[in-house]
Amino acid sequence: MQHFPQRFLELSKHQWDSGGPLSEDKVEAQRDPGTHLFLWAVVQSNKELAEISWEQCRDGICAALAASKILKSMAEEICDADEAEAMEELADHYEKHAIGVFSICHNSDEERAQKLLVRSSPFWGKTTCLRLALEANDKSFVAQSGVQALLTQIWCGELSVDNPVWRVMVCMVFFPLIYTGFLVFRRDEVIHRENEKKEEIKTIETVTGSTIRTNSCAFDPGQEHLKPLSSWSRLVCLFSSPQVKFYWNIVSYFAFLFLFAVVLMIDFQDMPSGGEVLLYIWLISLVFEEIRQLFHDPDGFGFRKKAKMYIHDLWNILDVLSALLFIIGLAFRLTSELFYAGKILLCIDFVVFCLRLMAIFTISRTLGPKIIIVRRMMTDLFFFMFLLSIWVVAYGVAKQGILIHNDNRLDWIVRGAVYEPYLIIFGDFPSNIDNTAFDIDSCTMNGTDPLKPKCPVLNENQTPAFPEWLTIIMLCIYLLFANILLLNLLIAIFNFTFQQVQDNTDRIWKFQRYELIKEYHSRPAAPPPFIILGHLYLFIRHVVLCKPPDR
């Protein structure tokens, strides 16, 4: 345990010692001895001192979430399983502390508690409670109703959270309806509430007189000069809402896949047609969007950490893979020698784009958890295929060596040693496994015909000489382990994974929902391919005019 304190104290210290002149908040944070004592007690696993010092911290929620993150990071590097489990339990303990404090704040004042989640804490490197909870993977904290209410507000933008989805979709097409009251904005709700309060105060004034009137003048001064949204502001608020951006991107993505399929199957000519040029412009806009996401750093993490966080996301890996395949495929397609190879790469790229389509369903309360289950089952399937490959190769090589004598054609060797044993699992049995189904016309004697496999070992009378009883016994043993044992093991693994996720469906979905909301909150308003205009605006703003990005 001696190698942990120095490392994690340096990490925590770096949160506010990141270079440059110290601000007043940083100086105040460095003068807080409770934070330093709490960190020291956490990395030293001194539970009693950590509990006492946590109660003295000025920012209890951030302190508890930071302790949860540190303990989980320490648990990942400890070899002792019991000690790692104890640290994870202690991390859950501090997560419950954060949940308890936030619940009290939320029960007291919902609006101020939501602001507390996105408040920049000077004692924890200018980070926020929400950011710490996400980095610590504290699903229970994020799943709280107050946190989810804040995420829902961010998702809706300036639109009211009470608007039905169908009304939002109608206004996306027939946007003049926003001027008729068909769609409610948050500003309208605030003004309506303030008018009701003023009417209530006026009613009371008629009974109580000027004393209440004097108090009413001081009531909520921040809302006194609140004005209704202008016509242009309503239009901007509608199309800049993350919810509306998401719906437009769904429509755009389906249109992109349709155009991609048409070009690949119908309109892929030597000279690019208009539809193919539009497809390439569309693809380029998607590549630029991935570059923007990689460099977009509103939290100030720095490029190295931001790139690490970017590549750890499975959907981003698919995005990078699709972009690389597109660039290589387009380069091949533009050359006459590799024209068809370019089309093949673009066809494979289409498959990757279709798989990427699953990411849009993570916002759904019903389909979102199912996508998580599929992702985890893919991981289980990868390890199962490694175990299955041992049996496939063992049986395939033995079978090929018994049946075929010295076949030097690599494609037929792979077919007999790997491909046929794999198909046997699904019931496709080869015809030359025993004497009953052997047909000498289906093979070639010396292996010169590239379209036929080499004949098995034959006697002088042109009948199989191999011991068919041995190959049949080997086949029975192979089917016993591959079909019965391993496939049932895979079903059991899938069932365990499904049950594990199903028991925590709501909690996992609420946690995964944040990443999608964050992505579309920072995304330009226009969908692809028009999003390239937004990229051009950001380039001029940040690179040409050197304006700092919005935090």
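Remarks
- If the condition is being more than 11 Å from Ala482 (Cα to Cα) and crowded, with 17+ Cβ neighbours inside 10 Å, then region 387-401 contributes Gly396, Lys399, Gln400.
- Looking across region 326-358, just one residue is among the charged types (D, E, K, R), surrounded by 17 or more Cβ atoms within 10 Å (Cβ to Cβ) and touching a residue at least 40 places away in the same chain (Cβ under 8 Å), and that is Arg356.
- Selection within region 52-74 - crowded, with 19+ Cβ neighbours inside 10 Å and free of Cβ contacts under 8 Å to residues at least 24 places away in the same chain: Ser53
- Some residue of region 415-425 being part of a loop (DSSP other than H, G, I, E, B), in contact with a helix residue (DSSP H, G or I) (Cβ under 8 Å, 6 or more places away or on another chain) and modelled with pLDDT under 80: no
- Among the candidates Thr362, Thr379, the residue that is of a type in the set (S, T, N, Q), touching a helix residue (DSSP H, G or I) at 6+ places or on another chain (Cβ under 6 Å) and either over 25 Å from Cys476 (Cα atoms) or surrounded by 18 or more Cβ atoms within 10 Å (Cβ to Cβ) (or both) is uniquely Thr362.
- Thr203 meets each of the listed conditions (1) under 15 Å from Ser160 (Cβ atoms); (2) at pLDDT below 85; (3) assigned to a helix (DSSP H, G or I) apart from (1).
- Failed criterion for Ile493 (all others in (1) among the β-branched types (Val, Ile, Thr); (2) within 14 Å of Ile402 (Cα to Cα); (3) surrounded by 13 or more Cβ atoms within 10 Å (Cβ to Cβ); (4) at pLDDT 80 or above hold): (2)
- Boolean, Asp267 is at pLDDT 90 or above and either touching a Cys at 6+ places or on another chain (Cβ under 8 Å) or over 30 Å from Phe174 (Cα atoms) (or both): no
- Considered as a group, the residues in region 106-127 that are in a loop (DSSP other than H, G, I, E, B) and surrounded by 19 or more Cβ atoms within 10 Å (Cβ to Cβ) include one that is modelled with the highest pLDDT, and that residue is Lys126.
- Taken over region 78-95, the criterion of being free of Cβ contacts under 8 Å to residues at least 24 places away in the same chain, closer than 15 Å to Ala136 by Cα and surrounded by 12 or more Cβ atoms within 10 Å (Cβ to Cβ) is satisfied by Glu88, His93.
- Ile360 among the hydrophobic types (A, V, I, L, M, F, W, C) and modelled with pLDDT under 90: yes
- Any chance Leu278 is of a type in the set (A, V, I, L, M), crowded, with 17+ Cβ neighbours inside 10 Å and either touching a residue at least 24 places away in the same chain (Cβ under 8 Å) or assigned to a helix (DSSP H, G or I) (or both): no
- Complete set of residues in region 170-185 that are under 31 Å from the mean Cα position of the chain (by Cα), surrounded by 15 or more Cβ atoms within 10 Å (Cβ to Cβ) and in a helix (DSSP H, G or I): Cys171, Met172
- Members of region 335-372 that are over 13 Å from the mean Cα position of the chain (by Cα), within 18 Å of Gln500 (Cα to Cα) and part of a helix (DSSP H, G or I): Leu367, Lys370
- Check on Ala75, over 33 Å from the mean Cα position of the chain (by Cα) and either under 22 Å from Val118 (Cα atoms) or modelled with pLDDT of 50 or more (or both): no
- Qualifying residue in region 177-188 (condition: at pLDDT 80 or above, closer than 30 Å to Phe350 by Cβ and of a type in the set (Val, Ile, Thr)): no
- Taking region 468-546 and the helices (runs of 4 or more DSSP H) fully enclosed by it, the elements with 1 or more residues that are closer than 24 Å to Val236 by Cα are at 505-522, 531-539.
The values are calculated or read from the model by the stated rules, or taken from the named source; none is laboratory data. Predicted model only: the values in this text are computed from it and were never measured. Methodologically, a virtual Cβ is constructed for each residue, glycine included, from the backbone with ideal geometry; neighbour enumeration extends over all protein chains shown.
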